[in-house]
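*Asks:* My questions will all concern the structure given below.
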């Protein structure tokens, strides 16, 4: 962000050396390359006696999302990874029933079956031309 506004802000508000890197580490957003536009506002906060006021910054841009391979799971595998997941099942659903149902077909077979069901549902929703 080499805009004139960015340069003025850098001169007016000294920033910490590692602040931008820390922000990127925590959010995955690189302020220099991922942000396209920024809108900011500041309004006085007379009600609460705050002399500095309150502000809001809206940034628009893009970010590269990464999905580590070890995070890929089926919904049931993700459910099982949560602590005390059995406590949140409906009364008539048991952990054993879910385990049995998950082993009836492979993940690929289940995905193909789901895709076929979606296709059939969307076909019903389309209007004839």
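*Asks:* Considering only region 67-87, I want to know if a residue exists there that is part of a strand (DSSP E or B) and either touching a strand residue (DSSP E or B) at 6+ places or on another chain (Cβ under 9 Å) or over 30 Å from residue 6 (Cβ atoms) (or both).
*Replies:* no
*Asks:* Which one of these is under 17 Å from residue 6 (Cβ atoms), at pLDDT below 85 and outside any helix (DSSP H, G or I): 24, 32?
*Replies:* 32
*Asks:* While we're here: Between a residue in region 50-75 that is assigned by TED's automatic domain parsing to the domain that holds residue 26 and over 22 Å from residue 29 (Cα atoms) and any residue that is exposed (fewer than 10 other Cβ atoms within 10 Å of the Cβ) and at pLDDT 75 or above, which pairs come within a Cβ distance under 7 Å, given they are 6 or more apart or on different chains?
*Replies:* 53/43; 54/43
*Asks:* Follow-up. Pick from region 98-116 the residues that are within 27 Å of the chain's Cα centre (by Cα) and farther than 29 Å from residue 87 by Cα: which of them is surrounded by the most Cβ atoms within 10 Å (Cβ to Cβ)?
*Replies:* In this case the residue turns out to be 112.
The values are calculated or read from the model by the stated rules, or taken from the named source; none is laboratory data. The model shown is predicted, which means the values in this text are computed figures rather than measured ones. All Cβ positions, glycine included, derive from the backbone under ideal geometry; neighbour counts span all protein chains shown.
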